[in-house]
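K.L.:
Questions regarding the structure given below will be posed in turn.
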Amino acid sequence: MTRTIVIAGGTTGMGRAIALDRLRRGDRVVAIGRSETNARELAEAAAEEDRRRLTFLRADLSTLAENDRVAAEIASSHGAIDALVLCANRHNRARTTTADGLEATFALYYLSRFLLGEALREQLADGGGVVVNVAAPGIKAGSVRWDDLQFERGYRGLKAQLQAGRLNDLLGVGFAAAHGADSPIRYVLFHPGFTRSGTASLSPPARTLIRLLGAVAALSPARAVEPILPLLDDPPHAPLTAIDRGRPVSLDLPTFDPGDARRLRALTEELVSRLRQRGCYSIATPTEAVNQAT
């Protein structure tokens, strides 16, 4: 049976590895990414007969408008969605703001995942689909700065990443609670462990250190996604599951606090509503969907 898999961050790293695997299995893949070059390389890595089932959507998922656009295009071009895989992330050494005025790590690593999950929930429900949020469930490092989610004070790239990871734990809790135990959608928070991925955004010393460590200790993207692949075909039965390197993570940990999840969801909905009412965002790039077989 041909399945439809949507992958945010689908042209590099783990997203690319998942895309290539699903294409080999005969599935339709919608890969969302920023780089046409990476998209071409993804298509070239796929078998010629598989490329007709690959669609690339170019988008900057750090903006509300681009999330809205790609979600609308996917909804209009595809019926049921079997899986939504959320991989898009980028480390920012210095505090950077998006076109919407949001801190970039918050916008890409957390908010885009909230937006895509909500925008595609009807298609996911129709497919009895699963959302796989590749983050770091249960991590105890870092904290949520409730009074400064945008890191307007004391920004550090690692702290912003750790906070966004904590926010994704709460996102999973909030999604499952909002849509109820009877929802056919399953939500999985997945931590692959130390994985070799892009280092271009790191400082030169950090880049060198990560490359040295990665050469001896890190998983390749293809190895890192191996535990994810079965989840796409046979999701867990529970509305929410957290997995750390193949091991279940207890949802009783403080990082999954239901009260904090409700608080975050309310703050996020208020933020999105306020930005839309003020018209503070605009589409940064023209609509573009590229079927790699053409």
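The values are calculated or read from the model by the stated rules, or taken from the named source; none is laboratory data. Being a predicted model, the structure only gives us computed values, none of them experimental. We place every Cβ from the backbone using ideal geometry, glycine too, and count neighbours over all the protein chains shown.
K.L.:
Identify, from the list A83, A119, A88, the residue that is among the aliphatic types (A, V, I, L, M), at pLDDT 95 or above and over 15 Å from A59 (Cβ atoms). Full working, then the answer.
P.N.:
Details: A119 fails: over 15 Å from A59 (Cβ atoms); A88 fails: over 15 Å from A59 (Cβ atoms).
Among A83, A119, A88, only A83 is among the aliphatic types (A, V, I, L, M), at pLDDT 95 or above and over 15 Å from A59 (Cβ atoms).
K.L.:
Within the set of pairs 6+ apart or on separate chains, which have a first residue in the stretch 173-184 that is in contact (Cβ under 8 Å) with a residue 40 or more places away in the chain, a second that is crowded, with 22+ Cβ neighbours inside 10 Å and among the β-branched types (V, I, T), and C-beta atoms under 7 Å apart?
P.N.:
H179/I185
K.L.:
What are the residues in the stretch 22-51 that are surrounded by 18 or more Cβ atoms within 10 Å (Cβ to Cβ), part of a helix (DSSP H, G or I) and among the hydrophobic types (A, V, I, L, M, F, W, C), if any?
P.N.:
Of everything in the stretch 22-51, those that are surrounded by 18 or more Cβ atoms within 10 Å (Cβ to Cβ), part of a helix (DSSP H, G or I) and among the hydrophobic types (A, V, I, L, M, F, W, C) turn out to be L23, A39, L42, A43.
K.L.:
Looking for whichever is among the small types (G, A, S), farther than 28 Å from D27 by Cβ, modelled with pLDDT under 95 and touching a helix residue (DSSP H, G or I) at 6+ places or on another chain (Cβ under 9 Å) here; the options are A200, A177, A136. Which one fits? Walk me through how you get there before you give the answer.
P.N.:
Values: A177 fails: modelled with pLDDT under 95; A136 fails: farther than 28 Å from D27 by Cβ.
One residue alone meets the criteria, A200.
K.L.:
If you don't mind, another one. Could you tell me whether G172 is out of contact with any helix residue (DSSP H, G or I) (no Cβ under 7 Å at 6 or more places or on another chain) and buried (at least 24 other Cβ atoms within 10 Å of the Cβ)? Working first, answer last.
P.N.:
Numbers: out of contact with any helix residue (DSSP H, G or I) (no Cβ under 7 Å at 6 or more places or on another chain): yes; buried (at least 24 other Cβ atoms within 10 Å of the Cβ): yes.
Yes; evaluated as a whole, the condition is true for this residue.
K.L.:
As an exercise: evaluate M1 against (1) modelled with pLDDT under 95; (2) buried (at least 21 other Cβ atoms within 10 Å of the Cβ) and give the number of the one condition it does not meet.
P.N.:
Against the list (1) modelled with pLDDT under 95; (2) buried (at least 21 other Cβ atoms within 10 Å of the Cβ), M1 comes up short only on (2).
K.L.:
Another one. Given the residues R207, R265, which is the only one that is at pLDDT 50 or above, of a type outside the set (S, T, Y), under 28 Å from L158 (Cα atoms) and in a helix (DSSP H, G or I)? First the steps, then the outcome.
P.N.:
Numbers: R207 fails: at pLDDT 50 or above.
Step by step, each of R207, R265 is checked, and only R265 is at pLDDT 50 or above, of a type outside the set (S, T, Y), under 28 Å from L158 (Cα atoms) and in a helix (DSSP H, G or I).
K.L.:
Turning to a different aspect of this structure: Regarding T63, is this residue more than 24 Å from V225 (Cα to Cα), out of contact with any strand residue (DSSP E or B) (no Cβ under 7 Å at 6 or more places or on another chain), of a type in the set (V, I, T) and buried (at least 24 other Cβ atoms within 10 Å of the Cβ)? Working first, answer last.
P.N.:
Working: more than 24 Å from V225 (Cα to Cα): yes; out of contact with any strand residue (DSSP E or B) (no Cβ under 7 Å at 6 or more places or on another chain): yes; of a type in the set (V, I, T): yes; buried (at least 24 other Cβ atoms within 10 Å of the Cβ): yes.
In short, yes.
K.L.:
Let me spell it out: the conditions are (1) at pLDDT 95 or above; (2) surrounded by fewer than 17 Cβ atoms within 10 Å (Cβ to Cβ); (3) among the small types (G, A, S); (4) part of a helix (DSSP H, G or I), and A19 meets all of them except one. Which number is the exception?
P.N.:
For A19, the failing item is (2).
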